[in-house]
1. Hey, can you tell me all the residues within the range 87-99 that are exposed (fewer than 12 other Cβ atoms within 10 Å of the Cβ), in a loop (DSSP other than H, G, I, E, B) and not basic (Lys, Arg)?
2. Quick check on the range 55-62. Is at least one of its residues in a helix (DSSP H, G or I), surrounded by 10 or more Cβ atoms within 10 Å (Cβ to Cβ) and either touching an Asp or Glu at 6+ places or on another chain (Cβ under 8 Å) or in the same structural domain as Glu13 (by TED's automatic domain parsing) (or both)?
3. Determine the pairs where a residue that is in contact (Cβ under 8 Å) with a residue 40 or more places away in the chain, located within the range 78-104, has a partner that is outside any helix (DSSP H, G or I) and of a type in the set (A, V, I, L, M, F, W, C) with Cβ atoms under 8 Å apart, the partner being 6 or more residues away or on another chain.
4. Examine the range 67-78 for a residue that is aromatic (Phe, Trp, Tyr) and in a loop (DSSP other than H, G, I, E, B), and state whether such a residue exists.
5. Return yes when Glu84 is modelled with pLDDT under 85, part of a helix (DSSP H, G or I), exposed (fewer than 12 other Cβ atoms within 10 Å of the Cβ) and not assigned by TED's automatic domain parsing to the domain that holds Glu24 and no when it is not.
6. Can you work out which of the residues in the range 3-19 that are of a type outside the set (Val, Ile, Thr) and closer than 10 Å to Ser50 by Cβ is nearest to the chain's Cα centre (by Cα)?
7. Would you check which residues across the range 1-25 are under 18 Å from Ser39 (Cβ atoms), among the aliphatic types (A, V, I, L, M) and in a helix (DSSP H, G or I) and list them?
8. Going by the structure shown, is Leu74 in contact with a helix residue (DSSP H, G or I) (Cβ under 8 Å, 6 or more places away or on another chain), closer than 23 Å to Leu99 by Cβ and surrounded by 14 or more Cβ atoms within 10 Å (Cβ to Cβ)?
Amino acid sequence: GGWLFLQNVHLMESWLPKLERQLELAAEEGHDDFRCFLSAEPPPLPDQQSVPEGILQTSIKVANEPPTDLKSNLRAAYALFSQEALDKSSKPEAHRPMLFGLCF
């Protein structure tokens, strides 16, 4: 039930079909609490694809665009979360840095 983070997967295009199959197996037979996070840059041209479609279809995608003003962007993002919601976290030592990463 652990978490896995694979960074810059767009650099490993030849390996991604194998990863896709392993993720399919993990979804079918793996632990319910297993999570796999991937980071990738978009392909240089719109008609190119670096991450297999199967991975994209079964994933929750988050796009991170650089803010025009970092301070106001962080304030707006943090305003979406109440202190009460943050206090309810069962793993605050993991939740707070993850929230910062999402807001940043």
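1. Ser90
2. For the range 55-62, residues in a helix (DSSP H, G or I), surrounded by 10 or more Cβ atoms within 10 Å (Cβ to Cβ) and either touching an Asp or Glu at 6+ places or on another chain (Cβ under 8 Å) or in the same structural domain as Glu13 (by TED's automatic domain parsing) (or both): present.
3. Taking only residues 6 or more apart or on different chains, the pairs are Leu102/Val62.
4. Taking every residue of the range 67-78 in turn, none turns out to be aromatic (Phe, Trp, Tyr) and in a loop (DSSP other than H, G, I, E, B).
5. Judged against the criteria, Glu84 is not a match.
6. It comes out as His10.
7. Val9, Leu11, Leu16, Leu19, Leu23
8. Yes; evaluated as a whole, the condition is true for this residue.
The values are calculated or read from the model by the stated rules, or taken from the named source; none is laboratory data. As the structure is a prediction and not an experimental result, all values here were calculated from the model. FYI the Cβ positions are ideal-geometry reconstructions off the backbone, even for glycines, and counts take in every protein chain you see.
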